[in-house]
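The values are calculated or read from the model by the stated rules, or taken from the named source; none is laboratory data. Fair warning: this is a prediction, and the values are worked out from it, not measured in the lab. So basically every Cβ, Gly included, is an ideal-geometry build from the backbone, and we count neighbours across all protein chains shown. In case anyone asks, the SASA skips ligands and DNA or RNA and just uses the protein heavy atoms, side chains included. Shrake-Rupley method; radii C 1.70, N 1.55, O 1.52, S 1.80 Å.
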Amino acid sequence: MNDKENKMSFMPVNKLMITMGIPMILSMMLQAVYNIVDSIFIGGMEEVGEQALNALTLAFPVQMLMVAVGIGTGVGMGAVISMRLGQENRERANKTAGNAFFLAGIIYIAFLLFGVLGVTAYIQSQTNNRMIADMAVGYLKICCIWSMGIVFFSIFEKLLQATGKSLYSTIAQVAGAIVNMILDPILIYGWLGFPALGVHGAAYATVLGQIASLILAAVFHFRKNKEITNGLVYLKPSLRIIKEIYSIGLPAIIAQALMSVMTYGLNRIFVQIDEAVVTAYGLFYKIQQFILFAAFGLRDAITPIVSFNYGKRDKVRINSGIRYGLGYTLAMMLIGTLFLEIFAKPFSEMFGLAGSTEEICIGAMRIISISFVFAGANVAFQGIFQALESGLESLIVSVCRQFLLVLPVAWLLSKIAVENRERTWVVWLTFLIAEGISCLISVIFMKRIEKKKISSLKVS
């Protein structure tokens, strides 16, 4: 394999970051958009709209966990494949891809079993409201049992991104989102002669959209990804390769899985204040994803670019990848903060909120959005750490920003809100505190990694 076969070897890093990053950013932001659209349609259900939104909030942590495990495995696989291609070791890259498909099968079986056996107990641990619990259980069972779409799509998506073909993964993501958004009103409200399935209809629309993305991504991979050779022989599990995948991917899994743990924990803390706080936070979380998923998309461009050139020991291109990645991420987060500050009220009105729930949601948007710059920097640093085989540092940042500095602080601040409901806004300061301190930790780690792993490389 010569350098001309992979644009990550020769294209200027600034241009490469843009050409790879824009499709990934659009893909991730579109995913956030159709999560928001789901909530808009659900909120429009007569009489039970707000309860249905609450049900989706309770189910959301497990949906995030599916994405976490699938994408984390894909991120680890993609970084290893990029590194092996940079080293011109195609056979090892092929085996890495095969092992990732084997792991995806195991992951799907685990979520299938949870869907059958564990969903009811999980939902009942968060609410005593029978109506909300029934809707959440039905929704989540469908999402788990039919989770093969999101799990296997995550692998195909990262395979395309690892070889610089992110446009194709974006097309597949867009197709799935369109299917989801078209089916939402049809299945929720019973349009075109279909039965009105309510919350269950939203779940079926979601999984059918994911399966559509999977099919299209698989077609693109097998037809366009010439750098990877496919075959049953490569599916044979190798403990060594699995360790390589998860030495990079496990921090990514934990990073996203901690979002599930954090959301679950916050649901239990916020319900002590008021169910309206849970509903408002759940809606805000989906709105903020529109901004933060842009950072995740750019991170998915930063990681293979830095990883590929780290495999080639190209110091100049490694540093350029880090510099441009951080710069573009911070710019996007500043724009996102201004966007939510200006449009907080119109966003809350989209979901049909009123009264105290609307006020709480607006307060969440205007306070938490201040933390976006720190959050974006943390996401970018984590992608850089993963690319430079510094998974422990990425893991520590994840634990700090999504667990260690969130749940205890939220619990303490919730005591103020419980005593005085007019001070509910103080709980949103949790995120500014957690992201700010975590960003300081990230900067310290980056300086240490630069000295240890980059400074010693020779300029080619």
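Couple of notes before you dig in:
- Once segment 425-442 is narrowed to residues that are touching a Phe, Trp or Tyr at 6+ places or on another chain (Cβ under 8 Å) and not charged (D, E, K, R), the residue that is nearest to I360 (Cα to Cα) is V427.
- Residues of segment 363-376 classified as open to solvent by 10 Å² or more (accessible area, probe 1.4 Å) and touching a residue at least 60 places away in the same chain (Cβ under 8 Å), total: 4
- Test: residue in segment 58-78 that is in contact (Cβ under 8 Å) with a residue 24 or more places away in the chain, open to solvent by 40 Å² or more (accessible area, probe 1.4 Å) and on the phi < 0 side of the Ramachandran plot: yes
- Helices (runs of 4 or more DSSP H) contained in segment 315-394 and holding at least 2 residues in contact with a Cys (Cβ under 9 Å, 6 or more places away or on another chain) and of a type in the set (A, V, I, L, M, F, W, C): 315-350, 372-387
- Look at segment 415-430: where a residue is among the charged types (D, E, K, R) and a partner is open to solvent by less than 100 Å² (accessible area, probe 1.4 Å) and modelled with pLDDT of 85 or more, sitting 6+ places away or on another chain with Cβ atoms under 6 Å, you get R423/I416; R423/A417.
- Boolean, L85 is in a helix (DSSP H, G or I), aliphatic (A, V, I, L, M) and either touching a Gly at 6+ places or on another chain (Cβ under 7 Å) or under 19 Å from D314 (Cβ atoms) (or both): yes
- Residue within segment 310-322 that is of a type outside the set (V, I, T) and at positive phi present: yes
- Selection from segment 379-424 of residues that are open to solvent by 20 Å² or more (accessible area, probe 1.4 Å), modelled with pLDDT under 90 and either within 23 Å of R366 (Cα to Cα) or among the basic types (K, R) (or both): F403, V418, E419, N420, R421, E422, R423
- The lone exception for I433 - which of (1) at pLDDT below 95; (2) surrounded by fewer than 21 Cβ atoms within 10 Å (Cβ to Cβ); (3) β-branched (V, I, T) it fails: (1)
- Taking (1) surrounded by fewer than 20 Cβ atoms within 10 Å (Cβ to Cβ); (2) of a type in the set (A, V, I, L, M); (3) under 21 Å from A218 (Cα atoms) in turn, A205 satisfies each apart from (1).
- Being open to solvent by less than 10 Å² (accessible area, probe 1.4 Å), part of a helix (DSSP H, G or I), among the β-branched types (V, I, T) and closer than 14 Å to Q63 by Cα holds for only one residue in I123, I132, I150, and it is I123.
- Single match in T357, T337 (criterion: in contact with a Ser or Thr (Cβ under 8 Å, 6 or more places away or on another chain), open to solvent by less than 50 Å² (accessible area, probe 1.4 Å) and under 14 Å from Q288 (Cβ atoms)): T337
- Evaluating I188 against the criteria (1) of a type in the set (V, I, T); (2) touching a residue at least 60 places away in the same chain (Cβ under 8 Å); (3) under 11 Å from A217 (Cβ atoms) leaves one unmet condition, (3).
- Candidates are the residues of segment 79-120 that are among the small types (G, A, S) and farther than 30 Å from S9 by Cα; the one that is most open to solvent (accessible area, probe 1.4 Å) is A110.
Conditions tested, residue by residue: (1) over 30 Å from I123 (Cα atoms); (2) more than 21 Å from the chain's Cα centre (by Cα); (3) of a type in the set (K, R).
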residue: L266; (1), (2), (3): no, no, no
residue: I269; (1), (2), (3): no, yes, no
residue: I273; (1), (2), (3): no, yes, no
residue: F284; (1), (2), (3): no, no, no
residue: I287; (1), (2), (3): no, no, no
residue: F293; (1), (2), (3): no, no, no
residue: L298; (1), (2), (3): yes, no, no
residue: P304; (1), (2), (3): yes, no, no
residue: S307; (1), (2), (3): yes, no, no
